[in-house]
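Taking it in order: structure first as structure tokens, then the write-up.
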Amino acid sequence: MVEEKRTVMVVDDHQMFVQLLSAALSAEPDLECVGVAHDTASALATARELQPDVVVMDVRLGDGDGIAAAGELLATLPQTRVVILTAFADPRLVQRAADSGVSAVAAKDGEIEGLLALLRGARRGTFVTGPGIPVVQQPQDRFAAAGLSVEDGHLLRLLAAGFDEEGVARELGVEPQAARSRIRAVLSALGARTPVEAVSTAVSRGLLRVGHG
């Protein structure tokens, strides 16, 4: 039985790096590079078209912030995993990445095998760092303290992006009634009466960052 390949999209504004990583992915039997992009605008458009399993994205792109782009991407493609690459081992940057919902942060100058392992292991609802990247507070710890799960964090990001109940149901792949129940549970946990109030409360409590990835 042939194992289904995990599809990967590469986003970086250095064309040679993109070519090298794409070639490395193509040499792996269980990974497949299905697309590339060199800026945030094309990254978002291409990801929405291809819907890859994983997006590996540089933290700094020519036209914007990779972490902010990752947060926007995850709001519309919650099933996709994002791995951020950085040449700067700044704990504040890594914490921002963790808060945005990405699955991992890796050093851009690290070993290729380590990056491939992160791409294979990227899971929604978990956050890990590669060698040389500082360990930061896990998003799931903060959500748990608020009586929420990381999955609830994904739902909050969808609400922050303006999705209504039907949109949330569609993005999460559940029935509208199930989406409605999950939204109500999140509102109840945050003591909010409306989705807007829930998002505002989540932002004020440091559970969600809107407009900052």
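Derivation of every value follows stated rules applied to the coordinates shown; laboratory data play no part. The structure displayed is predicted, hence computed values, not measured ones. Using ideal geometry, Cβ is built from the backbone for each residue, glycine included, and neighbour counts are taken over all protein chains shown.
Nearest-5 percent of antiparallel DSSP beta bridges in the chain? The partial results should precede the final answer.
Numbers: 2 of 23 bridges.
The antiparallel fraction comes to roughly 10 percent.
Could you calculate the FRET efficiency of Gln15 with Thr76 from 1/(1 + (r/R0)^6), where r is the beta carbon distance between them and R0 is 22 Å, rounded to 0.05?
Details: r = 26 Å, r/R0 = 1.19.
According to the calculation, E is roughly 0.25.
Calculated from DSSP H runs of 4 or more alone, at -39500 (n - 2.57) each and per residue, what is the 222 nm mean residue ellipticity of the chain, nearest 500?
Working: 10 runs with 105 residues, N = 213.
Mean residue ellipticity at 222 nm (helix-derived): -14500 deg cm²/dmol.
In nm, to one decimal, how far is the modelled label at Ala144 from the one at Ser42, with both set 7 Å along Cα→Cβ?
The answer from the label model is 4.2 nm.
Taking 0.36 nm per intervening residue step and subtracting the Cα-Cα distance, what contour gain separates Thr194 from Glu166 on full extension? Before the final figure, lay out each step's value.
On the way: separation 28, 0.36 × 28 = 10.08 nm, distance 1.56 nm.
In short, 8.5 nm is gained.
Considering the chain as a Gaussian network with a 10 Å cut-off on Cα pairs, which listed residue, Val199, Val174, Val83, attains the greatest mean-square fluctuation?
Comparing Val199, Val174, Val83 in the GNM, the peak value goes to Val174.
Roughly how many Å is it from the Cα centre of the range 140-207 to that of the range 87-125, as a whole number?
25
In percent, what relative contact order does the chain have, based on Cα pairs under 8 Å that are 6 or more apart in sequence?
Numbers: 361 pairs, mean separation 34.0, N = 213.
Here the relative contact order equals 16 percent.
Calculate, in whole percent, how much of the Cα-Cα pair population of the chain lies beyond 22 Å. Mind dumping the intermediate values first?
Details: 10770 of 22578 pairs.
Roughly 48 percent, rounded to a whole number.
Length gain on complete extension for the stretch Thr126 to Ser204, per 0.36 nm per residue less the alpha carbon to alpha carbon distance? Working shown, then result.
On the way: separation 78, 0.36 × 78 = 28.08 nm, distance 2.26 nm.
Between Thr126 and Ser204, full extension yields an extra 25.8 nm.
Under 15 Å from the Cβ of Pro176, count the other residues' Cβ atoms, weight Lys and Arg +1, Asp and Glu -1, and hand me the total. List each step's numbers first, then the result.
On the way: positive: Arg170, Arg180, Arg182, Arg184; negative: Asp164, Glu165, Glu166, Glu171, Glu175.
With Lys, Arg at +1 and Asp, Glu at -1, the neighbours total -1.
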